[in-house]
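Working notes, structure below.
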Amino acid sequence: MNFKTKHLGQNFQHFKTIVSTQTYLKDLVQKETVPVGTLILADHQEIGKGTQGRSWFSLPEPQLMFSLLLQPILPPHKLPIINILCGVLMAQTLESFDVPAKVKWPNDIYLDGKKCGGILSELITQNQEAYIIVGIGINVTAKTSDFPEELQKQATAISIHKQIDRYEILDLFLQKLEKAVYTWDQNQIIEYSQEQFKKLWLYSNQTIQVQHGSKNSVGKSTQINSTGALELHTTHGIEKILSGTITLLTK
Ligand code: BTN
């Protein structure tokens with residue numbers, strides 16, 4: 001496959017079935033020198049890895065699931081910004097195919113109020129250098145009945161809205177990400193991610209509950225700060241939350 005990029009995806013492996021593109025790429029980086037921009041793509045995963053120790057559900061049809069090795073564009077404490085950047089770039093990619101996707105902080109892509117994709121960014125080291133592995137899963141082809149019953153109200157696939165070729169989604173996303181990580185400096189990446197997040201944020205200014213650690217905070221939010229933390233306006237002031245699970249309380 002030829003992506004319209006110079007770096008991202010130029011070194012690439014495509015598997016019909018793999019345990020997880022994320023663990024495969026991580027293991028590869030520990031074993032040998034892997035060029036930045038390496039892309040591991042799979043149609044099916046046996047044990048897809050989600051955030052917070054969760055797994056990534058496997059669907060019957062081939063989906064868009066990949067892991068990408070990136071250079072350390074931001075200091076480790078700003079890693080959540082990479083999730084936001086990838087989320088907004090993926091939502092924009094889908095929008096350009098007339099699919100009105102939104103981002104749900106911190107790492108989900110939503111369509112018609114349901115999750116259609118997720119992002120997992122991890123820091124790793126190779127020869128004492130830090131790198132980032134971004135893993136993205138997008139449900140491109142599925143019927144509602146393909147999801148387990150308990151997920152049917154929460155999960156969706158792009159094909160329920162519109163049929164799009166998964167390689168076209170991937171190619172456009174890689175072009176957008178390449179422009180950001182190879183031509184912008186840290187501040188531009190952060191400012192762009194913050195600005196676009198405001199436009200694409202699913203629960204902008206709605207009352208939400210954020211479960212983080214053993215705490216539940218309630219409030220409204222319109223933005224993230226420069227480390228990717230959600231700025232939640234609560235009755236006690238502004239809380240900056242680094243990661244958590246959100247529930248919408250009012251529409
Ligand atoms: C989440 O929403 O929890 C993040 C899900 C990330 C899933 C992708 S699919 C491709 C890559 N390989 C994995 O094992 N996980 C990520």
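Bear in mind these aren't lab numbers, they're just calculated from the coordinates by the rules spelled out. In this text the structure is predicted, and so the values were computed from the model without any measurement. Note that we place each Cβ from the backbone using ideal geometry, even for glycine, and neighbour counts take in every protein chain shown.
Under 24 Å of direct C-alpha separation, and excluding same-chain neighbours fewer than eight residues apart, residue 6 reaches these lysines: 26, 176, 179. Cβ crowding within 10 Å, taken as a proxy for footprinting-reagent exposure, orders 218, 103 from fewest neighbours to most as 218, 103.
Calculated FRET efficiency, residue 13 to residue 47, Cβ-Cβ distance, R0 = 22 Å: about 0.75 to the nearest 0.05. Normalised by the number of residues in the chain, the average gap of Cα pairs under 8 Å and 6 or more apart makes the relative contact order 17 percent. Per residue, the Cα convex hull of region 152-192 amounts to 101 Å³. Calculated over region 1-94, the projected area of the Cα convex hull averaged across directions stands at 7.1 nm². Per-residue extension of 0.36 nm, minus the Cα-Cα distance of residue 222 and residue 240, leaves a gain of 5.3 nm for this segment.
Once the Cα-Cα distance is subtracted from the 0.36 nm per residue extended length, the residue 198 to residue 128 segment shows a gain of 21.6 nm. When every Cα-Cα distance of the chain is counted in 10 angstrom steps from zero, the calculated P(r) takes the values 7, 32, 38, 20, 3, 0 percent. Close amide H contacts of residue 142 (hydrogens built in the peptide plane, cut-off under 5 Å, sequence separation of 5 or more or a different chain): 159, 160. Name all residues of region 181-204 having a backbone nitrogen under 12 Å from the label point set 7 Å from the Cα of residue 231 along its Cα→Cβ direction, giving them as ranges. Once the point is set 7 Å along Cα→Cβ of residue 231, 194-195, 198 turn out to lie under 12 Å by backbone N, inside region 181-204. Put simply, the amide H of residue 223, placed in the peptide plane, has neighbours under 5 Å in 231, leaving out anything fewer than 5 places away on its chain. Here, region 57-117 has an Rg and a Dmax of 13.0, 38 Å when only alpha carbons are counted. Hydrodynamic analysis of region 148-217 uses the Kirkwood radius over alpha carbon pairs. Inserted into Stokes-Einstein at 10 °C and 1.306 mPa s, it gives a translational diffusion coefficient of 99 µm²/s. Summing Cβ point charges (Lys, Arg +1; Asp, Glu -1) relative to the Cα centre of the chain gives a dipole of roughly 460 debye. Multiplying the residue separation of residue 77 and residue 188 by 0.36 nm and subtracting their alpha-carbon distance yields 38.3 nm.
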